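The values are calculated or read from the model by the stated rules, or taken from the named source; none is laboratory data. Bear in mind the structure is a predicted one, so any value in this text is a computation, not a measurement. Neighbour counts are summed over all protein chains in view; Cβ atoms, including those assigned to glycine, are modelled from backbone coordinates with ideal geometry. Heads up: the accessible areas ignore ligands, DNA and RNA and are worked out on the full protein's heavy atoms, side chains in. Shrake-Rupley method; radii C 1.70, N 1.55, O 1.52, S 1.80 Å.
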There are 2 protein chains.
Amino acid sequence: MTGNERTADETAIPVVEMRRPRWGDPGRVTELPAAAAALAGDATEDRGIAPESVTPGDSRVPAAVRADLEAVVGAEHVVGSDDARIQHTRGYSTPDLLRMRAGDAADAPDLVVHPADHDDVVRILQVCAAAKVAVVPFTGGTSVVGGLAPDRAGFAGVVSLDLRRLDRLVEIDEISRIATLQAGLRGSAAEALLRERGWTLGHFPQSYEGAGIGGYAATRSAGQSSAGYGRFDEMVEGLVLATPRGTVQVGTAPRSAAGPDLRQLILGSEGAFGVITGIRLRVHPTPKTRLFEGWRFASFADGATALRRLAQDGPLPTVIRLSDEVETAINLADPAQLGGESTGCLVVTGYEGEEREVLRRRDAASEVLVDAGGTALGADPGESWRTGRFAGPYLRDPLLDAGVLVETLETVTYWSKLHELRASVTAAITDTLTASGTPPLVMCHISHVYSSGASLYFTVVAPFGADPIAEWAAAKTAANDAIRAAGASITHHHAIGRDHRDAYHDEIGPLALEALRAVKATVDPDGVCNPGILL
Amino acid sequence: MTGNERTADETAIPVVEMRRPRWGDPGRVTELPAAAAALAGDATEDRGIAPESVTPGDSRVPAAVRADLEAVVGAEHVVGSDDARIQHTRGYSTPDLLRMRAGDAADAPDLVVHPADHDDVVRILQVCAAAKVAVVPFTGGTSVVGGLAPDRAGFAGVVSLDLRRLDRLVEIDEISRIATLQAGLRGSAAEALLRERGWTLGHFPQSYEGAGIGGYAATRSAGQSSAGYGRFDEMVEGLVLATPRGTVQVGTAPRSAAGPDLRQLILGSEGAFGVITGIRLRVHPTPKTRLFEGWRFASFADGATALRRLAQDGPLPTVIRLSDEVETAINLADPAQLGGESTGCLVVTGYEGEEREVLRRRDAASEVLVDAGGTALGADPGESWRTGRFAGPYLRDPLLDAGVLVETLETVTYWSKLHELRASVTAAITDTLTASGTPPLVMCHISHVYSSGASLYFTVVAPFGADPIAEWAAAKTAANDAIRAAGASITHHHAIGRDHRDAYHDEIGPLALEALRAVKATVDPDGVCNPGILL
């Protein structure tokens, strides 16, 4: 998209302080590119309001509880200002932004508490459990599924537990290639600390500029380089979880046959079992060589087959993605550069590592891509994608300003079901938004592949109707229904939060849900840990 | 070791009916090779007794319960004969064999029940839950950690739930490369069914001739080709679990961000949460090319560094293992073939797949091995290991006959702790057995590698003293203590069963244990599912 000028090396991206309800570095001005501006049509009305003008209402946490929290962390680390509360309200889904733009801060926490370490977190949880105050863990605050907006009913208040003082790289075991990190580190800050010592996590989700390490773990994040470095849940060697009943520490070895893998019970628990405070993660030497390229395939199906072959028989690039015809056309300044009669579908491949190994892997993968019908486009489309990879989310705010709704959703399924799923989700979204008088453009890409299947990521762009929140809610429900009807998972990497809860319960079934609730009741008997999220 | 004549292709190994207390194909006669015979010294006394002469005592299950079970599966599938009960008693640890040889059948189940399908299993569990009868799932019966010997106290009897009628390859999704298998299939039978259609699981643990698919899943088995095909828990796409409260079905997609990974909660649950009846597993095309080779390293440390480099920077062979000096010397008919002044340490590498890819991977791995100080020994040591890979366990019975105790144990840790762990476990075993007057030979190998660490597998050989069961128990306790003191996991692939239970509870801590017990209480409120195993 845009932004080639700034992200030549994503590990060098500065840690930014986002300001709700806008995404990213507040100092950065994003103009709509021509293709996006065309979508906006003639709308010029400014639909945003300044967050300063949104007020969260009175703080409800009892004074005695506040005093107890202050006794734990110090008075200066318990903040009840309107600004702090607004900046911890909800996440970054488009409905979240629309609500904030409409002045609705109903989900604002009552207090923001900043612990210094793990023991503080345990004590805060105990104070809140005793007082029936709900606790929302906060590292980057970039949830797009309502993960920061717990159910308040029955609670004496809501505390946002902001972990950002837990920001240390504690240790690197260079022999085993494991870094111990505190959970409040932002992804970009973690990379900066690791890079000083020659290491990288290789985890670059599109939320990279804002999201935190603890959030990655709690939501099973997947980064754009997942083919090479794995999903975040695959990088985790160990976790420390603070609960109202004390500490759970999991991960004694890379793999083990010692019972269920408890790391995989805590990963994805989204604050419902407590607060992840520390993480041991696999690290990799900073890559010496990077090579990104573009390929053209005649159709999405042809491209998907090529990706499947790489995922099943190798070798896998570090980054591999396939855009459908619509996304390919929208994202290219000049779609004709792909050649052919129709636009076709763009595949981006990226390889990182030692030069020799990169070239060996690239040559072998290229053979497969050629054999699968791909046409090499050279480095330009690959580099263009790489350097602009975090620019996409910056477009949403000006589009919303211009009366254009843009939102994403994603799912994952097996290769044999992929095309049917894509068709049914696309139809569900298109039909619903068309019926409400706001016909959308629906784009789709694959950006995470496995031997048995792949993710599908949809980007939806539609003009505002009378009530964009309701219009999107209807489309999203239809998409969820289509996903569940196809037997696919309700989320590949956005997680459950509050927005996917019903679909999630359908996905796992009543007995498994009951088992997870029993786990929660064990570690959080008062139910104060992010209530209504996940469970 | 021995057996080059029969295992040229392990997927062609016939399904055998083992007869406790001896391992493997009853029709196969194994002579002790010279090296092993030397260990036996002059002992010639036959310490074995015929299983026919072991009687399990009266069956305790109430007649009404038996009638209910017969109503579920048919009278012919509820068996209370002495022979059937003995053949479902305990597993294949050396203490298990010694107890059986001593005529001790105290752990025999009261009845053996053979369900036809998943629904039968649910109904059996419900009958047993209502009657407070303990249920032990049985697929291959090869546990070496007491996984088939539940605590009887407080139960009206013990039923062995033998799943071997659930022996179908249900379906292969060839696009997604997923096979749906019933849990009672033996590993060798599953391979035979898959091979007819051009596929393989690639899972070849040393228990391959006896173990079943359900057992692999319940215990997180790891096969000798784990570097190439992954551990069994990594192959699992989905699971069906029968519990006294109904069915849990997990796995909707390759990977997902939909909450905790419930597959990883059921994998390793060892029957404590119910009975795994169906499994969806990743499959691979039958490899067209196989290439096995041997390498010599001057020391275990040098060899381990080479393996670490392959695990961290690639490429990984399909099979990679490193024997220490003692194991290398014992396993070679002619240790001098390794050259050098001392025996050195043997590394075996194996590559499977398409010819071109195999050669590419072998060349790249060989470069690393040479650079790490390895000397290529050619195909002979590799092929010798490959063709004899399942012969080792056949040696144990004649050794026991000759008064020589042989047993194995294993653990897993991070690379940075590996050598200290190996030294402390070796010392713990050696010191304990020496103190009891039965000084052992302790061998060690690495056979499973990860980017962050590796397994250590110990084989212990010692002369019988006055009470070999007690002598080994003391050594095993000392080894467990050393493993836990080093912070390593109590098991890499043998699982917990009853034998590792205390160490396991120490490993995961009290709160995690409580959470797992809450899961069990949800799906198995009467506690009849393999009681005392794992939890």
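Here are the numbers for this structure:
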{"read-out": "Subset of A:Lys417/A:Lys476; B:Lys132/B:Lys520; A:Lys132/B:Lys132; A:Lys520/B:Lys417 violating a 27 Å alpha-carbon distance limit", "value": "A:Lys132/B:Lys132; A:Lys520/B:Lys417"}
{"read-out": "Beta bridges per DSSP with both ends in the protein assembly as shown, % antiparallel, nearest 5", "value": "85"}
{"read-out": "The protein assembly as shown - Kirkwood radius from inverse mean 1/r over Cα pairs (Å)", "value": "30.4"}
{"read-out": "Gyration tensor (Cα) of the range A:169-285, equivalent ellipsoid semi-axes in angstrom", "value": "21, 16, 14"}
{"read-out": "Under 5 Å, built H, 5+ apart or other chain: amide partners of B:Gly453", "value": "B:Trp415"}
{"read-out": "For chain A, size of Cβ-based charge dipole, Lys and Arg +1, Asp and Glu -1, in debye", "value": "1020"}
{"read-out": "Average other protein chain Cβ within 10 Å of Cβ, residues A:442-455", "value": "4"}
{"read-out": "Cα convex hull volume per residue for the range A:289-389 (Å³)", "value": "81"}
{"read-out": "Accessible area per residue in Å² at 1.4 Å probe, computed on the range B:424-535", "value": "30"}
{"read-out": "B:Ala474/B:Ala427 FRET efficiency (R0 22 Å; Cβ-Cβ; nearest 0.05)", "value": "0.95"}
{"read-out": "Linear extension gain, A:Ser53 paired with A:Ala376, 0.36 nm per residue minus alpha-carbon span", "value": "111.1 nm"}
{"read-out": "Label point 7 Å beyond Cα along the C-beta direction, distances from B:Asp363 to other copies (nm, shortest first)", "value": "0.7"}
{"read-out": "Residues in the range B:211-225 occluded by at least 20 Å² - accessible area, probe radius 1.4 Å, against chain by itself", "value": "B:Arg220"}
{"read-out": "Charged-residue dipole, Cβ positions (Lys, Arg, Asp, Glu), the range A:273-323 about Cα centre, Debye nearest 20", "value": "200"}
{"read-out": "Dipole magnitude (debye, nearest 20) for the protein assembly as shown, charges at Cβ of Lys, Arg, Asp, Glu", "value": "600"}
{"read-out": "Estimated [θ] at 222 nm from DSSP helical runs (n ≥ 4, -39500 (n - 2.57)) normalised by residues in chain B, nearest 500", "value": "-10000 deg cm²/dmol"}
{"read-out": "Surface accessible to a 1.4 Å probe, per residue, for the residues of the range A:169-285, Å²", "value": "21"}
{"read-out": "Protein heavy-atom accessible area occluded, B/A pair - total, 1.4 Å probe, Å²", "value": "5900"}
{"read-out": "Förster radius 35 Å - calculated FRET efficiency between B:Arg19 and B:Asp506 (Cβ-Cβ, nearest 0.05)", "value": "0.45"}
{"read-out": "Contour minus Cα-Cα distance for A:Asp151 and A:Ala521 (0.36 nm per residue)", "value": "131.5 nm"}
{"read-out": "Selection from B:Val275, B:Ala495, B:Tyr229 lying farthest towards where the dipole of chain B points positive, charges on Cβ", "value": "B:Val275"}
{"read-out": "Accessible-area composition of the range A:289-389, carbon plus sulfur, in percent [1.4 Å probe]", "value": "49"}
{"read-out": "Per-pair calculated FRET efficiency, R0 = 51 Å: B:Ala75 and A:Glu420 via Cβ, rounded to 0.05", "value": "0.65"}
{"read-out": "Using a 7 Å Cα-to-Cβ projection, A:Gly246 label spacings across copies, nm, ascending", "value": "3.5"}
{"read-out": "Built amide H within the under 5 Å cut-off of B:Asp151, gap 5+", "value": "B:Gly532, B:Ile533"}
{"read-out": "Number of partner chain Cβ atoms within 10 Å, mean per residue of B:317-324", "value": "0"}
{"read-out": "Pair B:Leu359, B:Val170: separation of 7 Å Cα→Cβ label points (nm)", "value": "4.2"}
{"read-out": "Across the identical copies, how the A:Asp83 labels are spaced - nm, sorted shortest first, 7 Å along Cα→Cβ", "value": "8.5"}
{"read-out": "Carbon plus sulfur fraction of accessible area for the range A:169-285, probe 1.4 Å, in percent", "value": "45"}
